[in-house]
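Encoded as structure tokens, the structure appears first; notes follow it.
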Amino acid sequence: MKEDWKFLPGPKALAYPHDTSYSEDEKGHVVEQMEKAIADFLTTQCPIVTPPKATRSMETRKTPNHRSWCYLVSNLSEESTDLICVEGFISNVHTTLHILHFDPLPSHYVERIRNLLHEANQKQSIKTLIRETILTKPNIRGFILDFTASHHDLIPHEVLTHGNILTWTVNSVRAYHIQSGGKLGKSKLQWKWYIFTPMKDPEHVATWTMTLLEVKFNTTVFGWGDSVADHKCTRCKLTNHTEDECPFTKQSDFIQPPSTNRKTGDCMRGGHRGRGNCRGRGGHRTLDN
């Protein structure tokens, strides 16, 4: 679909509804709600939203809670398209949706580290731990050097020119404390960490991330940190948190709280309560999140 859509003239964006599964029968309704929500947010222009086509594997999947596909957003000016992409999250009386650039940059997110006993205010210590671990492990250090020698289309030209790719990449490491599932206690304390992803190609990005997932972190007195990389939020579809931790739930008066008794195939579960707009952005997978 993206190969077909990229030849359409004019600015384009991708969007998907919050807290949904995918339904061929309901996607026309989703289109209408998205168009109204974006038009209400912009107040000056009405978009065209194009529904996706289900993949062949859709019919063979065992779970009924299918992740939503991305819809195409077009027929907007470049200024309006940039505005909704920067906003990233629109929630109003019509529906709640997430918006991406048509050709988005890759995530810098790697994983969560668990079983470290640092306090929440020791973020700098965690960043230092990750950076020093990378530099002192010959296999990881060598991987970054070899990988970025061939795949570096997103690394700034001045960094390539000065030949300090390893130092620059390692210095991009960021870490953020989180309590898993929103629950307190050392058993739930985890650290999300990010590092600059040097290229856009999805296959190479996967290789980059999967290799970094193998890194273990030994702090001696503060414990041995291992990886947790299987988080998938059923609400916003991001992979750096669970639905219990979803930051979008608290950002809008139109998002219903998580339900423990959802109906199978319910395509538009969120976004129908209250009135007005919410323009918060939190939760997207970026280096500084």
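A residue that is among the charged types (D, E, K, R), surrounded by fewer than 16 Cβ atoms within 10 Å (Cβ to Cβ), within 21 Å of the chain's Cα centre (by Cα) and closer than 22 Å to residue 104 by Cβ occurs somewhere in segment 2-16.
The number of residues in segment 2-57 that are under 18 Å from residue 92 (Cα atoms), of a type outside the set (Lys, Arg) and assigned to a helix (DSSP H, G or I) comes to 13.
Do you know which of the residues in segment 233-264 that are among the charged types (D, E, K, R), assigned to a loop (DSSP other than H, G, I, E, B) and modelled with pLDDT of 80 or more is surrounded by the fewest Cβ atoms within 10 Å (Cβ to Cβ)? Before the answer, list the steps.
Taking segment 233-264 first, the residues among the charged types (D, E, K, R) are 235, 237, 243-245, 250, 253, 262-263.
Still in the list and also assigned to a loop (DSSP other than H, G, I, E, B): 235, 237, 253, 262-263.
If we keep only those that are modelled with pLDDT of 80 or more as well, we get 235, 237, 253.
Values: 235: 24, 237: 17, 253: 14.
Within segment 233-264, the match that is surrounded by the fewest Cβ atoms within 10 Å (Cβ to Cβ) is 253.
Residues that are surrounded by 18 or more Cβ atoms within 10 Å (Cβ to Cβ) and of a type in the set (A, V, I, L, M) were ranked within segment 184-204; the one that is farthest from residue 120 (Cα to Cα) is 199.
Being touching a strand residue (DSSP E or B) at 6+ places or on another chain (Cβ under 7 Å) and either of a type in the set (Val, Ile, Thr) or assigned by TED's automatic domain parsing to the domain that holds residue 50 (or both) is not true of residue 144. Residue count for segment 17-32 under the criterion of being within 18 Å of residue 254 (Cβ to Cβ) and surrounded by fewer than 22 Cβ atoms within 10 Å (Cβ to Cβ): the result is 2.
The values are calculated or read from the model by the stated rules, or taken from the named source; none is laboratory data. Being a predicted model, the structure only gives us computed values, none of them experimental. Using ideal geometry, Cβ is built from the backbone for each residue, glycine included, and neighbour counts are taken over all protein chains shown.
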